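Peer 1: Got a structure for you, written out below as structure tokens; questions coming shortly.
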Amino acid sequence: MQEAAGVLKEGFLVKRGHIVHNWKVRWFVLLQDKLLYYKLEGGKKESSPKGRILLDGCTITCPCLEYENRPLLIKLRTKTNTDYFLECCSREERDSWALDITGAIHAGHPVQVQELHRMKNSFKLLENISLHHIVDKMRDSSTGIKLTRNLEQGNRYKETFTGSALVDWLISNSFAVSRFEAVTLASMLMEENFTKPVGARSIEAMRYSDLSEQFLDDSTALYMFAESSKKMLSSKEELQFNISELSGMIVKQGFLVKQGHKRKNWKVRKFVLRADPAFLHYYDPTKEENKPVGGFSLRGCLVSALEDNGVPAGVKGNVQGNLFKIITKNDIHYYIQASSKAERTQWIEAIKPLT
């Protein structure tokens, strides 16, 4: 790969197109002064970049909530006022990219880096803050927090939001300047009974954690407005996937490259690994609807790494390497590429105990 020297970070992100505002997965490489992005051809990254974002004079917005169906966005505005929207696969991944890009932008300005760390670690809530005012803003139909249906431990909740979504919303609406402040504010909303936890994860934290850890800044912890908690999805509302499949705890998620079953072409998919029940689902990250395009039970599966010397039987096309294979108990073979040997090992080690 060209210009690989001094790589600070690399990985898949979903990028909004400039002319046609469609979304495409690209391989991003962060250097000290620029962000390069590459197209995937077959199962291999092209050798020369498709484009570059010069970081000098860039401003970064994270969380960026301009697209309500894409809550994991980073927005970069260049010195020439060009906007780039980049979507990550999880809140943790988004914050990691944002921190590293911010570090690269300010690398030549150590005073600004110190100021960033000071702001991140400082703690002062806005004076005379009204929780009623925040809740009114949260409920606003156009700018409020987006309410979604969620499945949790076999229950169907109609109007929920996740802990990390509330933290993002509080920061983007300037009620808090850091995640620490936003968590404190979210805890106050819960203590004053404006919001309440639903589902095993958030209820357990509420019962057993210290006061400072009762609210979870987490994309798997569910909350809702207190008076909405009786509303459940009606049984008539059909769901594409069996409710129990999607109710397990998320163990791991990330972008991987998967070979198609029929056309044998390679596509980047967002994989989500759940336990209890153990399922692996995959999603098309370029689409807005958060529904799996495929998935299978891990019970009785075999998972193994494939050697990188030569292309194994069953694998077609131009592949990068770091392959692994999952064979389901119905003898369906899935061929998947990770972006590194370490990532492949992490996925295999996460999947094995669930088979």
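Peer 1: Out of F194, F241, report the one residue that is open to solvent by 10 Å² or more (accessible area, probe 1.4 Å) and modelled with pLDDT under 65. Please lay out each step first, then the result.
Peer 2: Details: F194 fails: modelled with pLDDT under 65.
The match here is F241.
Peer 1: Strands (runs of 3 or more DSSP E) wholly in segment 32-110 with at least 2 residues that are β-branched (V, I, T) - which ones? Give the derivation first.
Peer 2: Details: elements: 34-38, 51-54, 59-64, 73-77, 83-87.
Output list reads 59-64.
Peer 1: Within segment 333-355, can you find the residues that are free of Cβ contacts under 8 Å to residues at least 60 places away in the same chain, aliphatic (A, V, I, L, M) and under 25 Å from G300 (Cβ atoms)?
Peer 2: Start the filter on segment 333-355 by keeping residues that are free of Cβ contacts under 8 Å to residues at least 60 places away in the same chain, which leaves 333, 340-342, 344-345, 348-349, 352-353.
Next, only the ones that are aliphatic (A, V, I, L, M) stay: 342, 348.
Hit for segment 333-355 is I348, nothing else.
Peer 1: Let me ask something additional. Answer yes or no as to whether A176 is buried (at least 21 other Cβ atoms within 10 Å of the Cβ), within 23 Å of the chain's Cα centre (by Cα) and modelled with pLDDT under 90. Even if it seems obvious, please write down each step before you answer.
Peer 2: Numbers: buried (at least 21 other Cβ atoms within 10 Å of the Cβ): yes; within 23 Å of the chain's Cα centre (by Cα): yes; modelled with pLDDT under 90: yes.
Here the answer is yes, as A176 does meet what is asked.
Peer 1: Also, quick follow-up: Pull out all pairs, ordered by first then second residue, where Cβ-Cβ is under 6 Å, the residues are six or more apart or on different chains, the first lies in segment 52-67 and is within 23 Å of Y38 (Cα to Cα), and the second is surrounded by fewer than 18 Cβ atoms within 10 Å (Cβ to Cβ).
Peer 2: Once the first residue is within 23 Å of Y38 (Cα to Cα) and sits in segment 52-67, its partners that are surrounded by fewer than 18 Cβ atoms within 10 Å (Cβ to Cβ) give R52/K34; L54/K34; L55/D33; L55/K34; G57/K79; C58/T78; T59/R77.
Peer 1: Among the residues of segment 323-355, which ones are assigned to a loop (DSSP other than H, G, I, E, B) and either of a type in the set (G, A, S) or open to solvent by 20 Å² or more (accessible area, probe 1.4 Å) (or both)? Talk me through it step by step, then tell me what you get.
Peer 2: Initial filter on segment 323-355 (assigned to a loop (DSSP other than H, G, I, E, B)): 328-332, 338-340, 355.
Within segment 323-355, K329, N330, D331, I332, A338, S339, S340, T355 qualify.
Peer 1: Let me ask something else. Given the condition acidic (D, E), surrounded by 13 or more Cβ atoms within 10 Å (Cβ to Cβ), over 18 Å from C89 (Cα atoms) and over 23 Å from the mean Cα position of the chain (by Cα), answer yes or no: does some residue in segment 304-315 qualify?
Peer 2: Residues of segment 304-315 that are acidic (D, E), as a first pass: 307-308.
Checking the rest, the ones that are also surrounded by 13 or more Cβ atoms within 10 Å (Cβ to Cβ) come to 308.
Keeping just the survivors that are over 18 Å from C89 (Cα atoms) gives 308.
From what's left, over 23 Å from the mean Cα position of the chain (by Cα): 308.
Within segment 304-315 (the criterion being acidic (D, E), surrounded by 13 or more Cβ atoms within 10 Å (Cβ to Cβ), over 18 Å from C89 (Cα atoms) and over 23 Å from the mean Cα position of the chain (by Cα)), the answer is yes, since at least one residue qualifies.
Peer 1: If you check D33 against the conditions, is it within 28 Å of N173 (Cβ to Cβ) and surrounded by 13 or more Cβ atoms within 10 Å (Cβ to Cβ)?
Peer 2: Details: within 28 Å of N173 (Cβ to Cβ): no; surrounded by 13 or more Cβ atoms within 10 Å (Cβ to Cβ): yes.
In short, no.
The values are calculated or read from the model by the stated rules, or taken from the named source; none is laboratory data. Predicted model only: the values in this text are computed from it and were never measured. Counting neighbours? That spans all protein chains shown, and the Cβs are built from the backbone with ideal geometry, glycine included. Keep in mind that these areas ignore ligands, DNA and RNA; they rest on the heavy atoms of the full protein, side chains included. Shrake-Rupley method; radii C 1.70, N 1.55, O 1.52, S 1.80 Å.
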